[in-house]
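Trainee: Just passing along the structure, written as structure tokens.
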Amino acid sequence: MRPYQTGWWLASFVVASWATLAHSNDRPNILFIFSDDHAIKAISAYGGPLAEVAPTPNIDRLAKQGAVFVNSFCGNSICGPSRATILTGKHSHANGFMRNGNSFDPSQWTVAKALQAGGYATAVIGKWHLTSDPVGFDHWEILPGQGNYYNPVFLSMDGTKRQFDGYATDITTDKAMQWLEQRDASKPFFLMCQHKAPHRTFAPALRHLGAFDNTEIPEPESLFDDYADRSRTLADNEMEIDRHFDWAYDAKIRQDERGEIQLPPPDRYGTPEYNRMNDSQKKRWDAYFGPRNQSFLADFQSGRLSHRDVVRWKYQRYMKNYLSTVLAVDESVGRLLNYLDENDLAENTIVIYSSDQGFFLGEHGWYDKRWMFEESFRMPFLIRWPGVIEPDSRPEQLIQNIDYAPTFLDMAGLETPAEVQGRSLVPLMRGTQNEWRQSLYYAYYEVGEHAVPQHFGVRTQTHKLIYFPDSDEWNLFDLTRDPGEMRSVHELAEYQQLRQELTDEFYRLREQYAAPAFESAKK
Ligand code: SGN
Ligand code: CA
């Protein structure tokens with residue numbers, strides 16, 4: 001054969017085998033179980049101070065049988081943007097969804113479209129939060145907007161909305177399993193099962209009320225952070241358990257339970273989740289919260305509680321509800337894993353557990369997320385892939401949500417377009433990758449809710465540099481010495497060389513990702 005003929009023969013062979021691979025039934029299924037605002041600290045496989053008091057045995061099954069990526073991060077710690085990044089493999093500025101409330105441009109490339117075109121049966125069930133309707137899915141059924149916990153409404157593909165009795169996490173799981181039952185089993189599947197929990201208002205399944213009654217949740221060291229030694233914008237935040245946690249909405253003490261007792265502000269949002277419940281559900285709720293609220297109100301009224309005691313009480317109330325919502329998420333993971341076992345799907349299904357961003361569980365005195373600080377910047381990422389991922393492994397590479405789309409495509413044997421900014425994690429999972437990124441880029445663009453300023457930054461394995469354009473301030477954290485990020489060292493002489501290196505790296509990443517110029521949020 002002449003050389004060009006050999007080339008032709010080889011090329012047709014490669015195309016033919018790729019086509020066989022692309023259409024064979026043994027390509028792995030991908031089950032992506034995703035929650036909203038689940039901090040790694042509230043997953044026992046990640047370890048930490050809550051692991052003992054609030055175990056997540058089912059999510060931990062993924063860790064034992066697969067991998068926990070211990071350095072997993074988002075690119076923009078807020079809901080819609082994180083989801084848009086997962087679908088596109090691109091940072092917020094590149095997919096156009098920079099802030100909650102934007103509308104996702106459905107004409108752009110997404111991993112769901114690519115998997116669907118590549119022969120996968122695709123579905124998304126649960127929280128979506130991208131304003132425009134899902135595309136690239138054979139089936140979808142989503143919570144409108146933020147969705148509700150109790151007796152939630154779901155929006156279907158035909159445009160109809162229907163309310164379902166029960167608890168959102170359970171119903172989302174039921175619907176995911178119903179789709180698995182009815183799917184076109186001649187194809188591999190890609191299923192995104194996306195929970196509302198443990199998002200605010202941290203409303204537990206009624207069966208889980210009281211689950212942490214006999215537990216004292218350990219307090220983070222920075223519960224009473226004074227925001228000194230960092231950007232002055234920290235003190236302007238509106239996400240403190242002390243000053244911004246609503247009495248009725250968040251702390252679950254309704255106005256009508258208080259009699260003559262006046263609680264200090266804030267108290268802005270009422271009790272929309274309680275109001276959704278039917279009488280028997282309200283009865284269960286009241287039987288649990290009623291006496292506990294009366295006991296707190298009596299203590300409050302007696303003057304026995306200091307200001308800090310009240311914050312501590314609110315922290316316990318917050319954490320017990322948050323962790324109770326996690327119990328139902330963990331049960332959901334257990335039900336889905338059992339379904340795979342019982343239907344002979346476990347071997348050929350990759351299961352991932354993740355959440356759109358992290359969350360503050362009292363660190364810096366906060367609930368909510370948004371900041372590039374560790375608690376909200378980190379995303380959980382646990383994955384089980386039988387026969388490929390070493391059980392019980394804990395990879396340490398810096399990974400980000402831009403990597404999910406190329407990873408899913410790689411798993412499916414499909415090409416990733418050059419425009420995608422993330423990288424496939426599959427070589428890390430196979431243990432065949434030695435070279436990996438040394439730094440991550442971060443950008444937060446919202447203005448307003450919870451009063452977190454726009455900020456941008458870079459993180460390496462050991463340090464983090466953040467720029468706040470509004471106040472034109474830089475902060476530098478040495479994570480090896482100060483993992484709680486309590487003191488910026490950007491002005492210390494011994495850090496000047498490192499600061500310069502990180503600044504260069506920050507601008508290099510901005511160029512690599514073609515990030516837009518800073519806009520002043522205070523226009
Ligand atoms: C809602 C919440 C906020 C939360 C945002 C963003 N308020 O607006 O506390 O920060 O969502 O969350 S609530 O009254 O609606 O609960 S996100 O996960 O959707 O980004
Ligand atoms: Ca979220």
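Trainee: How much of the accessible area of region 28-436, probe 1.4 Å, is carbon plus sulfur, in whole percent?
Mentor: Working: 6560 of 14440 Å².
Result for region 28-436: 45 percent of the exposed heavy-atom area is carbon or sulfur.
Trainee: For region 443-512, what does the relative contact order come out to in percent, with C-alpha contacts under 8 Å and a separation of six or more?
Mentor: 20 percent
Trainee: With a 1.4 Å probe and every protein chain left in place, work out the accessible area per residue of region 443-512 in Å², rounded to a whole number. Can you show the working numbers first?
Mentor: Values: 3140 Å² over 70 residues.
Roughly 45 Å² per residue, with all protein chains present.
Trainee: Given the convex hull of the Cα atoms of region 443-512, what is a quarter of its surface area in nm²? The partial results should precede the final answer.
Mentor: Numbers: hull surface 21.1 nm².
Quarter of the Cα hull surface area: 5.3 nm².
Trainee: I'd like the orientation of helix 168-182 relative to the chain: the angle between its Cα long axis and the longest Cα principal axis, in ° from 0 to 90, rounded to 10.
Mentor: Here the helix axis deviates by roughly 20 degrees.
Trainee: Based on Cα positions only, what radius of gyration and what Dmax would you give for region 255-400, in angstroms?
Mentor: Answer for region 255-400, Rg first and Dmax second: 21.0, 64 Å.
Trainee: For region 423-491, run through the GluC sites (Glu not before Pro) and keep only the ones in DSSP coil with at most 14 other Cβ atoms within 10 Å of their Cβ.
Mentor: Working: sites: GLU435, GLU446, GLU449, GLU473, GLU485, GLU491; in loops: GLU435, GLU446, GLU485, GLU491.
Of the GluC sites (Glu not before Pro), the ones in loops of region 423-491 whose Cβ has at most 14 other Cβ atoms within 10 Å are GLU435, GLU491.
Trainee: If we count every other residue with Cβ under 10 angstrom of HIS244's Cβ, Lys/Arg +1 and Asp/Glu -1, where does the sum land?
Mentor: On the way: positive: ARG243, ARG268; negative: GLU238, GLU240, ASP242, ASP246, ASP250, ASP368.
Local net charge: -4.
Trainee: With each label point set 7 Å from Cα along the Cα-Cβ vector, what nm distance links MET486 and ASN71?
Mentor: The two pseudo-label positions are separated by 2.4 nm.
Trainee: Looking at region 382-513, what % of its DSSP beta bridges pair antiparallel, to the nearest 5? Walk me through the numbers on the way to the answer.
Mentor: On the way: 15 of 15 bridges.
Looking only at bridges with both residues in region 382-513, the antiparallel portion is about 100 percent.
Trainee: Between region 216-263 and region 304-325, how many Å separate their Cα centres?
Mentor: If you average the Cα positions of each part, the centres end up 9 Å apart.
Trainee: Taking the Cβ of ARG292 as the centre, find all other residues whose Cβ is under 14 Å away and add up their charges (Lys, Arg: +1; Asp, Glu: -1). Could you put the intermediate results ahead of the total?
Mentor: On the way: positive: LYS252, ARG254, ARG258, ARG284, LYS314, ARG317, LYS320; negative: ASP213, GLU257, ASP286, ASP299.
Once all neighbours under 14 Å are counted, the net charge is +3.
Trainee: Once you have all Cα-Cα distances for region 49-189, histogram them in 10 Å bins from zero and send the whole-percent values.
Mentor: Per 10 Å bin, starting at zero, the Cα-Cα P(r) for region 49-189 comes out as 10, 31, 39, 18, 1 percent.
Trainee: Here is a further query. Between SER393 and ALA228, what's the calculated FRET efficiency when r is the beta-carbon distance and R0 is 41 Å? Round to 0.05. Mind showing how you got there, number by number?
Mentor: Values: r = 40 Å, r/R0 = 0.97.
Computed FRET efficiency for SER393 and ALA228 comes out at 0.55.
Trainee: What spacing in nm lies between the two simple spin-label points modelled at ALA51 and GLN178, each 7 Å away from Cα in the Cβ direction?
Mentor: Taking the simple label geometry, ALA51 and GLN178 are separated by 3.9 nm.
Trainee: So what is the orientation-averaged projected area of region 47-117, using the convex hull of its C-alpha atoms, in nm²? Walk me through the numbers on the way to the answer.
Mentor: On the way: hull surface 27.8 nm².
Computed as one quarter of the Cα hull surface, the answer is 6.9 nm².
Trainee: Another question, then. Mind checking Rg over Rh on the chain, alpha carbons, Kirkwood formula for Rh?
Mentor: Details: Rg = 23.8 Å, Rh = 24.2 Å.
Computed over Cα atoms, the ratio is 0.98.
Trainee: Next question, about the same structure. Taking only C-alpha pairs under 8 Å that are 6+ residues apart, what is the relative contact order of the chain in percent? Intermediate results must be reported in sequence, preceding the final value.
Mentor: Values: 1023 pairs, mean separation 124.6, N = 523.
Value for the chain: 24 percent.
Trainee: Please go through region 155-231 and write out the GluC sites (Glu not before Pro) that DSSP classes as loop and that have at most 11 other C-beta atoms within 10 Å. Please report the intermediate quantities before stating the final value.
Mentor: Values: sites: GLU181, GLU216, GLU221; in loops: GLU216, GLU221.
Passing sites in region 155-231 are GLU216.
Trainee: While we're on this one: Can you list which of the trypsin sites (Lys or Arg not before Pro) found in region 211-293 are DSSP loop residues with at most 15 other C-beta atoms within 10 Å? Don't jump to the answer; show the numbers that get you there.
Mentor: On the way: sites: ARG230, ARG232, ARG243, LYS252, ARG254, ARG258, ARG268, ARG276, LYS282, LYS283, ARG284, ARG292; in loops: ARG230, LYS252, ARG254, ARG258, ARG268.
The qualifying sites are ARG268.
Trainee: OK, next. Tally up the carbon and sulfur contribution to the accessible surface of region 443-512 as a whole percent, 1.4 Å probe, everything protein left in place. Show your work: numbers first, answer last.
Mentor: Values: 1490 of 3140 Å².
On region 443-512, the fraction of accessible area on carbon and sulfur atoms equals 47 percent.
Trainee: So for the chain: antiparallel DSSP bridges make up what percent, rounded to the nearest 5?
Mentor: Working: 29 of 55 bridges.
About 55 percent, rounded to the nearest 5.
The values are calculated or read from the model by the stated rules, or taken from the named source; none is laboratory data. Predicted, not measured: the structure shown is a model, and the values here were computed from it. Every residue, glycine among them, receives a Cβ derived from its backbone with ideal geometry; neighbour counts consider all protein chains shown. In case anyone asks, the SASA skips ligands and DNA or RNA and just uses the protein heavy atoms, side chains included. Shrake-Rupley method; radii C 1.70, N 1.55, O 1.52, S 1.80 Å.
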